[in-house]
Amino acid sequence: MAYDLEEQEQLANLKAVWKQYGNIATWVLIAGLGSYAGWSYWNSFQQSKSSEASVLFEELNKAVSAKDDKQVQRVAVDLKDRFPSSHYVEMAALIAAKSAYDSGDIKHTKELLTSVVTASKNEEYRALAKIRLSGILLDEKLIDEASKLIDSEFPEEFLADQADRKGDILIAQGKIDEARKAYQTALEKMKDKAAGKPLVQIKLDAIGGSADKS
């Protein structure tokens, strides 16, 4: 016999179980396969979106190189509208802000920087936007707004830039002693070959600073 009695009994039990639960098991299997297929499709979809966003970002960089601010702004808006969750959006906003500033559109520059400050989940992007925006506010004599912005929290790698900008603001407020301390802090936190270090030293010297010039 192909099966002994015990095996036939087990087979009969299995058939009974399948008759009762087989349909459920099939649907569980289908659901599992569907989930896997959905996950695979989602990954493929996300990669496709990332690739498209990358192409747009490259287009934006070309517009920057061509000094075509109108095209820069168009691409930045297109990126935000089509790929709102992409990390390229915040980078594009910072680049578009610089382009707008160079083109003399200060109002739009402030709008772009403010959007990064208020909405970005990346603390480095927020810090850079705060540094740049506080400088514009300072130029516009909006000292209190600039001070409030620069007194907020910054990541470690931006503490030197924060102290430098704080020194600028303190000078505008007539607080020379405090400005001197801020510039000294900036110099202490800057690396020896930091590009901005000589300028901070010049500002410190201009208000009678005594930081080590070495």
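Tell me, what is the percent relative contact order of the range 137-197, built from C-alpha pairs under 8 Å that lie six or more residues apart? Before the final figure, lay out the partial values.
Details: 50 pairs, mean separation 17.8, N = 61.
Computed over the range 137-197, the figure is 29 percent.
How would the range 56-137 be classified by its alpha-carbon gyration tensor: rounded, prolate or oblate, with rounded meaning a/c under 1.5 and the a/b versus b/c comparison settling the rest? All intermediate terms of the calculation are to be shown ahead of the outcome.
Details: a/c = 1.94, a/b = 1.12, b/c = 1.73.
Oblate shape, in that a/c is at least 1.5 and b/c is the bigger or equal ratio.
State, to one decimal in nm, how far the label point of Asp151 lies from the label point of Glu178, with both points 7 Å from Cα in the Cβ direction.
Each label point is offset 7 Å from its Cα along the Cβ direction, giving 0.7 nm.
If amide H atoms are built 1.01 Å from N in the plane of the peptide, which residues on other chains or at least 5 residues away come under 5 Å of the amide H of Leu142?
Those lying under 5 Å, H to H, from Leu142: there are none.
Taking θ as phi - 60°, what are the ³J(HN,Hα) couplings along the range 131-144 by the Karplus curve (6.51, -1.76, 1.60), each to the nearest whole Hz, with x for Gly and Pro?
Running phi through 6.51 cos²θ - 1.76 cosθ + 1.60 with θ = phi - 60° gives 4, 5, 5, 5, x, 5, 4, 5, 4, 8, 6, 8, 5, 5 Hz.
Read-outs throughout are calculated quantities, based only on the coordinates presented, and are distinct from any laboratory measurement. Everything numeric here is computed off the predicted structure, so don't read it as measured data. Ideal geometry is used to build each Cβ from the backbone, glycine not excepted, and the neighbour counts take in all protein chains shown.
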